[in-house]
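Some notes on the structure that comes next.
Read the figures in this text as sums done on the coordinates, not as results from a lab. Everything quoted here is computed from the prediction, not taken from an experiment. Here the Cβ is made from the backbone with ideal geometry for all residues, glycine too, and neighbour counts use every protein chain on show.
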Amino acid sequence: MIKHVVMWKLKEMEAGEKEKVISDMKEGLEKLAGCISGLEDIQVGADFLKSEQSYDVVLVSAHTSKEALEAYQAHPLHVEAAVNLVKPFAVKRVSVDFEY
C-alpha cells in the first residue's frame, strides 16, 4: 500500500472565502473515492492551529500500489479537481509518498 500526503498553503483571502475554498476542495477531492481504480481512501482536512509553520489544507490518500498512485495522478477526474479546485488558490505545495 502507498500513502500519498499533500499539503497546500493557500493565497491570502478573506476568512469566509478561504473557508468556502477549503470546503469546495474537501468535497471535490473526496468525491474521487470510488471513482479511480486503486484509490482505497482519501481524506482532506483543514488546519485549525493556523501557526506560522502550518499549511492550510492536507490531503491523505491510500493507494494499492505505486502504479495505482501514478494512475490516480494522471486520471482525468484528479487532474480536473487539481486544475479547478486547488491550483487557482494554492501558493505552495509539499508532498510525501511512502509505502506501508
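Data table
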{"quantity": "Positive-pole candidate from His78, Ala33, Ala62, dipole of the chain, charges at beta carbon", "calculated": "His78"}
{"quantity": "Value of [θ]222 nm, deg cm²/dmol, for the chain, DSSP H segments ≥ 4, -39500 (n - 2.57) each, nearest 500", "calculated": "-9000 deg cm²/dmol"}
{"quantity": "Distance between modelled label sites at Val5 and Asp97, nm, 7 Å Cα→Cβ extension", "calculated": "1.6"}
{"quantity": "Where labels lie 7 Å past Cα in the beta-carbon direction, separation of Val83 and Ala33 in nm", "calculated": "2.6"}
{"quantity": "Residue range of the chain that is longest and free of trypsin sites (Lys or Arg not before Pro) which are both DSSP loop and sparsely packed (at most 16 other C-beta within 10 Å)", "calculated": "51-100"}
{"quantity": "Lysine pairs in the chain with Cα atoms under 16 Å, if 8 or more residues apart or on separate chains", "calculated": "18"}
{"quantity": "Under Karplus coefficients 6.51, -1.76 and 1.60, residue-wise ³J(HN,Hα) of region 57-64 in Hz, glycine/proline x", "calculated": "9, 10, 10, 10, 10, 10, 10, 5"}
{"quantity": "9 Å beta-carbon shell around Lys3, net charge (K/R +1, D/E -1)", "calculated": "-2"}
{"quantity": "Region 11-32 versus region 82-100: alpha-carbon centroid distance in Å", "calculated": "13"}
{"quantity": "Ranked Met7, Met25, criterion: other C-beta atoms within 10 Å, fewest first", "calculated": "Met7, Met25"}
{"quantity": "Point-to-point label distance, Ala74-Phe48, nm (Cα→Cβ direction, 7 Å offset)", "calculated": "4.0"}
{"quantity": "Given the chain, longest segment not containing exposed loop GluC sites (Glu not before Pro) (DSSP; at most 10 other Cβ within 10 Å)", "calculated": "53-100"}
